[in-house]
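Right, one structure below, let's go through it.
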Amino acid sequence: MLVGRESNPMYCLGAMSWYFFWIVGASGLYLFIPYDTSAVRAWNSIEYISREQWYWGGLIRSLHRYGSDAMVLTMMLHLVREWCLDRYHGARWFAWFTGVPLIWMVFSSGITGYWLVWDELAQYLAIGTAEWMDYLGIFGQSIARNFLTPGALTDRFFTLLIFIHIAVPLFLLMAMWVHILRINRANTNPPRPLIIGSSIMLVALSLIHPAQSHPAADLGKAIGDLNPDWYFMALYPLYDSKGPLVTWAVSIGASLFLSLMPWMAFRRKRRAAAVVTSELCNGCGNCASDCPFGAVVLRPRSDGLHSSPKLAVMQPDLCTSCGMCMASCNKTNPFLPHTGETRQTAIDIPDFTFDLMVKRVSARTHGLVGNGRVLVIGCEHGAVLDHLKGPSVGVLPLHCTGMMPPSLIDYVFNKDLADGVLVTACRPGECFYRLGPEWTELRMNGERVPKLRGAVPRDRVRLFWAASTEIKALRSELAAFRVALEELPPLERPQSTKRRVTE
């Protein structure tokens, strides 16, 4: 692989869009300084930047243009990828819904930017866009009248245009912030290798194929051959051939369709949200920190049921029932004393409680035989585990591997339920719940609470990433793991916890 999984651009499309936005913003500020907002000198000022100062001004202009194209590309790939991974409905509806206006803002910024060059391409865009807007009939007078004759266009138009070109990106920045409001730990900074690589790519492209203007606009002459930027101008040929009605129908219809997709999706019934037991919650904040969507927040306690000043509060409309909050709770431990037959924790998933998880571990390992008994714990969105079942292999699928507390692995060895535990999860960057693989790996490596206890034999625990299509690779990993287990010396367990295993 050319890059590691941490630097895979397909896992960082949203963050890459943010990075390209900053490139476009910074280069745009530089270009604003020498730009002349005069109808007769706008084109000349751009030409001076591009030709007389090609070694710097021309480079900045090209970075501005190609950075904008790159942002459109990563934005659209981000949209398609989230749809393909089914991550646009349920608790994710807000991010998807607020992402649709971003598309309009990005394209509006790009089109007004091309107007400012005031070459023949800008003339074509200005006339076409003005006629397109006039079709709505919401303006007091026709916008297209400003482009009937050379004398009809004044300097005030370019002053207004550059104001719009600056104002729209500012609103875009605010809308991008709103877009990630309900995403906990949203990453807006790409990994350093991606920053370096994409920067080199943009600079190289700017030097090899610098952005150039068409001939200066002249409202008294017909427009010659154009070289449009298809990232921003894909709708204009449709306007030329079908007219404004069809173009508006396509653009508005597509936007409405995208906006309503979260509620049109055919999906399984939404699971019940996590539930907090206030008398057990000590307000540690682990659940709020680990929740991928900010569904858990800490609030001042007023019930008097615990001495802690804080209490975890669940926001059900944001909860995806992934169970990462349950795994992070310091009360989610099978070794803690409990009254009756049911284990309780401070935050639990109603349809897959921690008590049910522990009981299923015992059930799925009951009757395993051989020296290489393995319990495979995995995610229902990853590789299908049922294919791995066997006389010496038990499987336990979870909503997400991130809902597994590390103490559960300790419990397996302490109770002599298996000789090894294979934990499998979606590959990082592909998790349906965003952070499951990351939290699982950090907890098992002792880098995030709750940590896997140091006394747990690490050579009997293995972590393997496996997507839903990688069952063959997972089966091979399981076979290699069992061979490795058979070569290990017998595991010493407390005498009181040993159970008889029928060979």
Within-15-Å neighbourhood charge of Leu245 [Cβ basis; K, R +1; D, E -1]: -2
Rounded Å value of the spacing that divides the Cα centres of segment 323-344 and segment 1-75: 52 Å
Positive minus negative residues near Gln123 (Lys, Arg vs Asp, Glu; Cβ under 12 Å): -2
Segment 160-294: C-alpha gyration tensor shape, a/c 1.5 cut-off, then a/b vs b/c: prolate
Gain on full stretching of the segment that runs from Trp263 to Arg51 - 0.36 nm per residue minus C-alpha separation: 71.1 nm
Net charge dipole size for the chain [Lys, Arg +1 and Asp, Glu -1 on Cβ; Debye, nearest 20]: 1840 debye
Sum of side-chain charges, Ile46 neighbourhood, beta-carbon under 10 Å (Lys, Arg +1; Asp, Glu -1): 0
Segments 165-171, 243-249, 67-73 sorted - mean Cβ within 10 Å per residue, highest first: 67-73, 165-171, 243-249
Diffusion coefficient, µm² s⁻¹, Stokes-Einstein with Kirkwood Rh over alpha-carbon pairs of segment 363-498 at 25 °C and 0.890 mPa s: 165 µm²/s
Value of relative contact order over segment 121-257, rounded to a whole percent, pairs C-alpha under 8 Å and six or more apart: 39 percent
Under the span-like rule (Cα at least 18 Å along the axis, Kyte-Doolittle mean at least 0.0), DSSP H helices of the chain: 13-32, 59-84, 93-117, 120-134, 155-179, 192-208, 244-264, 471-486
J(HN,Hα) series, segment 37-53, from Karplus relation 6.51 cos²θ - 1.76 cosθ + 1.60, nearest Hz, glycine and proline x: 7, 10, 4, 9, 10, 4, 5, 5, 5, 5, 5, 4, 4, 7, 10, 5, 10
Segment 363-498 - share of DSSP beta bridges that are antiparallel (%, nearest 5): 5 percent
Sites Ser468 and His366 - FRET efficiency at Förster radius 30 Å, r taken between beta-carbons, to 0.05: 0.60
Ranked list, fewest to most other Cβ atoms within 10 Å of each Cβ, for Arg192, Arg87: Arg192, Arg87
Over 26 Å between alpha carbons, listed pairs Lys269/Lys331; Lys310/Lys451; Lys269/Lys415; Lys221/Lys242; Lys331/Lys359; Lys310/Lys331: Lys269/Lys331; Lys269/Lys415
Among beta bridges that DSSP assigns inside the chain, antiparallel share in %, nearest 5: 40 percent
Residue-span extension gain [Ile252 to Leu136] - 0.36 nm each, minus C-alpha spacing: 40.5 nm
Residue-averaged [θ]222 nm for the chain, counting only DSSP H segments that reach four residues, each worth -39500 (n - 2.57): -14000 deg cm²/dmol
Approximate spin-label separation Arg145-Asn227, in nm, with each point projected 7 Å along Cα-to-Cβ: 3.7 nm
Read-out volume of the Cα convex hull per residue in Å³, derived from the coordinates shown; its label in (1) 234; (2) 150; (3) 191: (3)
Shape of segment 46-148, Cα gyration tensor, a/c cut at 1.5: oblate
Zone residues, segment 358-393, relative to Phe335, backbone N less than 16 Å from point 7 Å out along Cα-to-Cβ: none
Sequence-separation-based contact order of the chain, relative, with Cα cut under 8 Å and 6+ spacing, percent: 13 percent
Lys/Arg +1, Asp/Glu -1 at C-beta; segment 277-409 dipole; positive extreme among Ile347, Val374, Gln315: Val374
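Values in this text are rule-based calculations from the coordinates and carry no lab data. Quantities reported herein were computed from a predicted structural model and do not represent experimental measurements. No Cβ is skipped: glycine too gets one built from the backbone with ideal geometry, and neighbour counts run over all protein chains shown.
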